[in-house]
Structure formats: structure tokens, C-alpha cells
Amino acid sequence: MLFYDFEVFKFDWLVVIIDTETKQEHVFVNNEQALIDFYNEHKKDIWVGYNSRHYDQYILKAIVCGFSPQEITEWIIKNHKPGWKFYKDFWKIQLYNYDVMTDKNKSLKQLEGFMGHNIKESDVSFDIDRKLTDSEVQEVIKYCRHDVQETMHIFMQNIEEFQSHIELLKMFKLPMKYISKTKAQLAAVILEAKKPKISRKDEFDFTFPPTMAIQKYTVVLEFYKNNRDYNKVLEIDVAGVPHTFAWGGLHGARNNYVDTGFFINIDVASYYPALMIEYEYLSRNVKDPNKFREIRDRRLKYKAAKDKRQAPLKIVINSTYGAMKDKFNDLYDPLMANNVCIGGQVLLLDLIEKLEPYCQLIQSNTDGLLIKLYNEDDFDLIDDICWEWEQRTRMELEFETFVKVIQKDVNNYILVRDDGTYKSKGAYVKKQNKLDYDLPIVNEALINYFVRGIDPEETIFKCDELIKFQKIVKISSKYDYALYGRKRMKERVFRVFASVDENDKTLQKVKNGRVEKIAYVPERCFIENGDVTKKEIPSKLDYWWYLDLATKRINDFIGDD
């Protein structure tokens, strides 16, 4: 495997490549032929980059085809055009490219920041209108090397993604060139999907599942029958809970809800794939629909046996629905996508209608419900109602019980089990990981308060890890630059900490001369873009700012001003 990254300037270009097998580094600076020779020797290897699917692979292909890196860079970066459209024969260049980027909204620098690593930028501007000096070239190499090494760190954090990708190719005997495809593209290949030559034009000719038995909330059915606008929504009270029905799913919740008791989280197992199978809602572009069922069944068999081979099959199953809404994918079939989404909503509404007299609805979402039993002895009754629904709809329900619920809204909640463990959702309380580590001390303070009864002041003031106080800020391309006090900053990504030092300033963003505040950035902060994984907490850290934020978020949950 080769990890690589290109840097392209007006009169220079370079690439750093690290070979994981030989542990050797290869650097090419303005030397097209040497790079082409290296490529020819390694065209059977897997080339790994960050955002390489959209950028770096096309720089390499352009050089191999005799174009300059500057031409393709201007095409992609300045003209915002896809690399594959630059030259019709790019597809003929064999390149097994694997892109470690999983979220297009997060830059490599952001992920480096989350990990606590050095995110300092090179002093060499990409706008230099001359050849780089030798010292500038060396600095850019150093910067580029760092990015390649960080890409390797990110790859290791998400190695299961790569392993699943490779396993899929093996399972279905696909050529290695498909390592470059997205999950949704792979699903289309595996299911042998092929778009019809003529558009069907039946996007809104959906049908309700024939097993549906809604009697009370028929207004929801009328909404879908009479609506052909994806922007319209229906807001309605269902089982005492405000609900929104739309073309992307249903949502309903008791906001600012905190209570103890006997709760059941009722989820429909693998809901969308099950709807595609049981009601023939799979994309009509698929050659043999039975193949999708076979993949689902095989995955369930592997999952029950705790066989790791279930993971790659999950990719195919879970990617199919989204691909059916993507007009560039061979699975594209908006009618069937609408059948799945609307069918899923009305069948869940059906279940709510049957349960409503016997329990309290706390929340409903795209694939499940959260209810509170009036009495723990009612469990068998609830189970019987759910069993009847399962038999009628041919769906399968999964139960999980909880003893406490803290819910801000449908997208932010904590569910506590009787053994003290919990599950959570939402930016305020989600379980963070190394590639998503933003204001972690505040999340920790909320969880400790609601789940363990620990005062947020204790959590925050006893913490001795600087990284837990970090706020990673990215200035998007919509803005011209960042301002720290009155100083114009060259960087686009910052790691900031609240400060009590009166000499420290605030960080803001500028667009067309207009200065704007940045969410959750303290009025007074210090910037530390170096490595903070082992850095001690300085005396100027403003613990109180984090306590105030944690207190505000606690109040957001419980509804206090």
C-alpha cells in the first residue's frame, strides 16, 4: 500500500509517497518522468489518500497522460469541475485508489485537530506567483509528509472500513479496480443494477403497504396522497406528541422530557431493507431481487454467529436505499425510494395507533419508537400488540428496556439502562471518538450529571487533560479569512481554548469585509495548533467558560431558561 499526497503551486508541484511494505518514503518534485516510472512499477499497489477520490488521483492520472498538474488543479479547485470530466480517457489509467475520507464536510486538518495532533500550516502560500526557493520546497515537503502520516493515522482509526471494502471484493469476486468505488457504487455493482434507457417518470405513483391498518390517523395518508412537493411537511399531534411527517421520515418527541420508570425502545430490525424485500420495494434496476434477500439473510446468519463477514454485507444492505435516491447511481429509482420511506412511516404510525391506549409515547423516529409503560405488568400486553403487528406486516421488532430518559428533542437524548450504562444521541451528549473530539469535557459533564449524578463543576475542574477542552474551528471556503483580535490569520483550521488572560482575543470569520462570530468560540481564547496530546493545562485556561456552557446545555435539556 502506498499513502500519498500532492501539493501543486503555479510553477511547481510535488508528491510525497510512503510505502507501508518497505517503510520507504518517495518524494518527487517537478519530475514527471520519475513519477511515471514509479507509477508503472507500482500500478498494482493500492494508493491511499485523503480526498484522493476527488483530487489527488486525477493529479497523478494527468501527469501520466502528459498534462500538467496545474491544468487539472485549476479545473478541480478553481473551476469546481469533477476530475473525471477533464479527459475522456482517464478511466483507462489503472489506479487502485482508496480514499480514507468518510465525511466530505471534514477536512484532513480538522481530523488531525480532533486527534490532538499538530495542525500548523505551512508558511508557503499557494498563491506564490514564481518558482519556489529550495528552502520553500523543503518546507512544503515537510508539510506534505505530515499530511501523509496523518492520513495513515486516520486509515488505522477506520481500518474496519477498508477491511470490509476488501472483503466485499473477495466475496463477490470483483476486480481490484473497484476499491476506488464508494459504498453505494459497490452496492449497485454487486446487485447488477442497470438504469433504464428511458426515464420511468413515475416518481410519485407510490402505494401504501397492503398490510397497513390505520383507522385513526388517516389525515397522514391523505397528506401523502395529495402531496407532490418534497418541501411540504405535515405537522400533527399523534398520541399526545407533536409529530412531523415528510418525505424523509417521521419525527416526534416530548421535548425537555426527564423521567424515570419502565421504558421500551422498540426498533424495527433492518427496517428499510426488510421493506424492500417483503413489499418488493427494491430498485427495479436490480437484475435479480432475490440476490438482495440472499445477501440480507447471509448477513443475519453471520451476525448471529458473530462472524466478521457480516460487516461487508451490511455495506450493501444499508447503502441501497440511499443509492435509490441518487440519480448518478445505477440503483436510482425514486418511486421505490418513496415507497420505502412512506411505507416505513405509515407502518410505524400503524403501530403507534395500536399501542396508544396502553402506554405513553415518548418519541418516534424513522425506524422505531420509545414508550413508557403505565405499569411494568403491562409488558406482556405491549408484547402481544407488537407481535400482532409483526405477524401482519412481516417486520421484526427488537426491544430494549431503560429506566430513565433525558430528552431535549428527537435528535438529542440519553437513555439509561438499569445497570447504569446508557445510549445517547445528539451533539451535546454523543459518545465521541478520536476523529470526532470537540469540546469533549462538556459532553462528559452532561453525561456525568444526568447518568451518574455528578455535579458538572466536579467533572470540569478535576480534569487534567488539555485535549478535552479543545474546540476545533474550521473556516469554510464561504469565508475569506479568520481574524484573531485584529490580526488576519492565514490558517483555516484552529484549536482554541477559553482563556482568562486579558491579552488573549476572540477568533472571528470575515466574509466580504463583514466580521461574524463563530459558534461556541469564547469571547477570549488562546490558539494552540501544536500537538496537545501530552500538553499540560496552562494556568490561563478558563474553566468557568466550560462550566457555563455545560450548565446552559443541561438547562436546554430540562427546559429551564
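The values are calculated or read from the model by the stated rules, or taken from the named source; none is laboratory data. No experiment lies behind these values; they were computed from the predicted model shown. For neighbour counting, all protein chains shown are included, and Cβ atoms are generated from backbone atoms with ideal geometry for every residue, glycine included. For the accessible areas, the whole protein counts, side chains as well, though only heavy atoms, and no ligand, DNA or RNA atoms are used. Shrake-Rupley method; radii C 1.70, N 1.55, O 1.52, S 1.80 Å.
Being at positive phi and not in a helix (DSSP H, G or I) narrows it down to one of 80, 54, so name that one. Just one listed residue meets the conditions, 80.
Residues that are part of a loop (DSSP other than H, G, I, E, B) and closer than 17 Å to residue 261 by Cα were ranked within the stretch 413-452; the one that is nearest to the chain's Cα centre (by Cα) is 421.
It is to be established whether one or more residues within the stretch 266-278 are surrounded by 15 or more Cβ atoms within 10 Å (Cβ to Cβ), part of a strand (DSSP E or B) and of a type outside the set (A, V, I, L, M, F, W, C). Yes: the stretch 266-278 contains one or more residues that are surrounded by 15 or more Cβ atoms within 10 Å (Cβ to Cβ), part of a strand (DSSP E or B) and of a type outside the set (A, V, I, L, M, F, W, C).
Looking across the stretch 112-143, the residues that are more than 30 Å from the chain's Cα centre (by Cα), assigned to a loop (DSSP other than H, G, I, E, B) and crowded, with 17+ Cβ neighbours inside 10 Å come down to 124, 132. Of note, residue 179 does not satisfy the criterion of being open to solvent by less than 70 Å² (accessible area, probe 1.4 Å), out of contact with any strand residue (DSSP E or B) (no Cβ under 9 Å at 6 or more places or on another chain) and either farther than 23 Å from residue 331 by Cβ or part of a helix (DSSP H, G or I) (or both). Taken together, 286, 241, 220, 258 contain a single residue that is open to solvent by 20 Å² or more (accessible area, probe 1.4 Å), of a type in the set (A, V, I, L, M) and in contact (Cβ under 8 Å) with a residue 12 or more places away in the chain, which is 258. Taken over the stretch 289-348, the residue count meeting the criterion of being of a type in the set (Asp, Glu) and crowded, with 23+ Cβ neighbours inside 10 Å is 1.
Could you tell me how many of the residues in the stretch 83-105 are open to solvent by 60 Å² or more (accessible area, probe 1.4 Å), in a loop (DSSP other than H, G, I, E, B) and either touching a helix residue (DSSP H, G or I) at 6+ places or on another chain (Cβ under 6 Å) or within 16 Å of residue 43 (Cβ to Cβ) (or both)? Steps first, please.
Pass one, the stretch 83-105, residues open to solvent by 60 Å² or more (accessible area, probe 1.4 Å): 84-85, 87-88, 91-92, 94, 102, 104-105.
If we keep only those that are in a loop (DSSP other than H, G, I, E, B) too, we end up with 87-88, 94, 102, 104-105.
Of the ones still in play, those that are also either touching a helix residue (DSSP H, G or I) at 6+ places or on another chain (Cβ under 6 Å) or within 16 Å of residue 43 (Cβ to Cβ) (or both) are 94.
Of the residues in the stretch 83-105, 1 are open to solvent by 60 Å² or more (accessible area, probe 1.4 Å), in a loop (DSSP other than H, G, I, E, B) and either touching a helix residue (DSSP H, G or I) at 6+ places or on another chain (Cβ under 6 Å) or within 16 Å of residue 43 (Cβ to Cβ) (or both).
Residue 377 meets each of the listed conditions (1) charged (D, E, K, R); (2) in contact with a Gly (Cβ under 9 Å, 6 or more places away or on another chain); (3) open to solvent by 40 Å² or more (accessible area, probe 1.4 Å) apart from (2). Pairs are defined by a Cβ separation below 6 Å, a sequence spacing of at least 6 or placement on different chains, a first member in the stretch 492-506 that is open to solvent by 10 Å² or more (accessible area, probe 1.4 Å), and a second member that is of a type in the set (Gly, Ala, Ser); the pairs so defined are 505/485. Per the listing 157, 163, the residue uniquely touching a Pro at 6+ places or on another chain (Cβ under 9 Å), touching a residue at least 60 places away in the same chain (Cβ under 8 Å) and open to solvent by 20 Å² or more (accessible area, probe 1.4 Å) is 163.
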